[in-house]
Amino acid sequence: MKEVFSKQSKETRCYIMSAVMVFEGFNGVDDMTEIRGEMLLDVLGLTKEEIERFPMPSYAQLIAHLKLISNPEVRDWVITNTYSPVLKSRRNDALHDFRTFCDDLGWNKKEIKDSLDLIEEIEGIKPIDNGAKLGSHNNSSSGTGCLSVIMIVIVSTIICSFVLI
């Protein structure tokens, strides 16, 4: 996978790491967080210093940049590495935010579903609201989603500080 990522720009790899950190935040920090962070940085071909210098993007910036990724292997890696912590967290808000993220990316829904099915099989965990499908999350709330974006930024900043220490 390192070779595949080496063909992506450093900026794209930093955006990918930022997305992963956002969703890692839902799973919380434990003894393995720093090790997982170092392994992810290694796969992406980034150093701690490079990710520390990368300004934390807004949700809109993250989506705008990631939606341009055309390599199916990279898209699969992004989906599986953002979905795994969501799945492990067993949190409805994490699942909702992840589904919004997938919808906003606008990537091929079949590719995404295949990635989700694979990670669920590998992890041996199904989402907590198994009846809901990707693309059918409930948008009946009266808010604009700003709270979710603010939460994502706060959580990702916290995770970033722990991972990069």
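All of the numbers you see were taken from the coordinates with simple rules; none came from a lab. These figures come from a predicted structure and were not determined experimentally. Note that each Cβ is placed from the backbone with ideal geometry, even for glycine, and that neighbours are counted across all protein chains shown.
Laid out as a table, the results:
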quantity: Region 10-16 - phi-based ³J(HN,Hα) in whole Hz, Karplus 6.51/-1.76/1.60, Gly and Pro as x; calculated: 4, 4, 4, 5, 5, 5, 4
quantity: ³J(HN,Hα), Karplus 6.51/-1.76/1.60, whole Hz, each residue of region 76-87, x for Gly, Pro; calculated: 4, 4, 4, 5, 5, 7, 9, 7, 3, x, 5, 4
quantity: DSSP-assigned coil residues among trypsin sites (Lys or Arg not before Pro) in region 1-57, each with at most 12 further Cβ atoms within 10 Å; calculated: 7
quantity: Partner lysines for residue 88 [C-alpha distance under 16 Å; skip if fewer than 8 residues away on the same chain]; calculated: 126
quantity: Candidate lysines - alpha carbon under 28 Å from residue 7, same-chain residues fewer than 8 apart omitted; calculated: 48, 67, 109, 110, 113
quantity: Cut-off 18 Å, label 7 Å out along Cα→Cβ of residue 49, residues of region 10-28 by amide N; calculated: 10-11, 14
